[in-house]
1. I'm checking my understanding of the structure. Among residues of the stretch 81-112 that are among the hydrophobic types (A, V, I, L, M, F, W, C) and under 20 Å from Thr142 (Cβ atoms), which one is surrounded by the fewest Cβ atoms within 10 Å (Cβ to Cβ)?
2. Among the numbered criteria (1) open to solvent by 30 Å² or more (accessible area, probe 1.4 Å); (2) within 16 Å of the chain's Cα centre (by Cα); (3) of a type in the set (Lys, Arg), which single criterion is violated by Arg64?
3. Could you say whether any residue in the stretch 12-34 is buried (at least 22 other Cβ atoms within 10 Å of the Cβ) and more than 17 Å from Ala160 (Cα to Cα)?
4. Using beta carbons and a limit of 6 Å, which pairs, at least six apart or on different chains, have the first residue in the stretch 84-96 and in contact (Cβ under 8 Å) with a residue 60 or more places away in the chain and over 17 Å from Gly23 (Cα atoms) and the second one β-branched (Val, Ile, Thr) and open to solvent by 30 Å² or more (accessible area, probe 1.4 Å)?
5. Just to be sure before I move on: is Leu115 crowded, with 18+ Cβ neighbours inside 10 Å and in contact (Cβ under 8 Å) with a residue 60 or more places away in the chain in the structure I sent?
6. If you scan the stretch 32-44, which residues turn out to be without any contact (Cβ under 8 Å) to a residue 60 or more places away in the chain and not charged (D, E, K, R)?
7. When you scan the stretch 56-72, how many residues do you find that are under 30 Å from Glu190 (Cβ atoms) and without any contact (Cβ under 8 Å) to a residue 40 or more places away in the chain?
8. Across the stretch 45-54, what is the total count of residues that are open to solvent by 50 Å² or more (accessible area, probe 1.4 Å) and touching a residue at least 60 places away in the same chain (Cβ under 8 Å)?
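The values are calculated or read from the model by the stated rules, or taken from the named source; none is laboratory data. Given the structure is predicted, the values throughout are model-derived calculations rather than measurements. Methodologically, a virtual Cβ is constructed for each residue, glycine included, from the backbone with ideal geometry; neighbour enumeration extends over all protein chains shown. Heavy atoms of the whole protein, side chains included, go into the accessibility calculation; ligands, DNA and RNA do not. Shrake-Rupley method; radii C 1.70, N 1.55, O 1.52, S 1.80 Å.
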Amino acid sequence: MAEKLVCLDPGHGPGSVNASPDGTLREAEVCWDLSRRIAARLAGQGVRTLCTRAEDTRPELTERAGVSNRAGADCFLSIHTNAAGNSGWYDASGLELYTSAGPEDAPRNLLAARLAEAFRAAGVPLRSDPVKHYGYTVLTATRAPAVLVEYGFHTSRTDAARLKDPAWRERLAEATARGLCAWLGVAWREPAEDGAGLDAAVDRLAAAGLIDSPEYWKAGDYSA
């Protein structure tokens with residue numbers, strides 16, 4: 001099977017004012033962090049990723065789509081957090097997904113459905129109508145099946161508290177990767193429980209010249 005390629009689009013970027021009412025949670029930071037976590041999860045499944053921007057850049061929307069189009073990505077995922085109202089905290093909460101339009105059996109909507117299934121299985125609260133259609137530029141200008149995910153409301157006290165939690169971000173990242181793999185037809189492989197996965201990672205670091213004495217690191221006793 002040919003190696004799959006997913007284009008990840010961390011929403012916004014430097015200078016974005018989107019944040020929780022108390023200023024303790026910034027959408028751009030959450031999006032960047034989630035993109036890194038999702039990429040790591042996909043790499044563990046043998047799926048390649050590319051990113052539409054660097055941490056310190058904020059490309060135009062059409063250029064984000066262009067990154068995916070030029071690379072011939074299998075699918076495109078735009079990563080965001082949501083907002084309600086003009087200021088202050090609001091009750092609106094939960095994750096929701098957007099595609100450009102119907103029909104529901106279009107590849108983009110089948111991708112959104114697989115993602116929604118994975119979020120439900122992971123216990124992630126969804127909006128009552130979790131998959132919506134809207135003509136966002138990154139969805140209409142991208143040739144690959146494209147989905148935009150709002151991972152919760154930064155204007156909700158409940159969602160904001162969750163989004164600050166690294167463990168919650170890991171749950172979101174794994175659920176996202178599982179949904180993407182389900183749509184791509186990539187069988188999910190659980191991490192090795194016997195240390196083989198760690199040993200393989202150590203071997204790769206040693207081969208790249210990033211660490212010395214790989215057997216020391218595999219031994220698991222670093223007190224010496």
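1. Going residue by residue through the stretch 81-112, those that are among the hydrophobic types (A, V, I, L, M, F, W, C) are 83-84, 89, 92, 95, 97, 101, 106, 110-112.
Within this subset, residues satisfying the condition of being under 20 Å from Thr142 (Cβ atoms) are 97, 101, 106, 110-112.
On the way: Leu97: 23, Ala101: 12, Ala106: 14, Leu110: 15, Leu111: 25, Ala112: 27.
Ranking the qualifying residues of the stretch 81-112, first place goes to Ala101.
2. Among (1) open to solvent by 30 Å² or more (accessible area, probe 1.4 Å); (2) within 16 Å of the chain's Cα centre (by Cα); (3) of a type in the set (Lys, Arg), the lone unmet condition for Arg64 is (1).
3. The answer is no; no qualifying residue exists.
4. Ser93/Thr158
5. Numbers: crowded, with 18+ Cβ neighbours inside 10 Å: yes; in contact (Cβ under 8 Å) with a residue 60 or more places away in the chain: yes.
Yes: the conditions hold for Leu115.
6. Applying the first criterion (without any contact (Cβ under 8 Å) to a residue 60 or more places away in the chain) to the stretch 32-44 yields 32, 35-36, 39, 43.
Scanning the stretch 32-44 gives Trp32, Ser35, Ala39, Ala43.
7. Final tally of qualifying residues: 0.
8. Residues in the stretch 45-54 being open to solvent by 50 Å² or more (accessible area, probe 1.4 Å) and touching a residue at least 60 places away in the same chain (Cβ under 8 Å): 0 in total.
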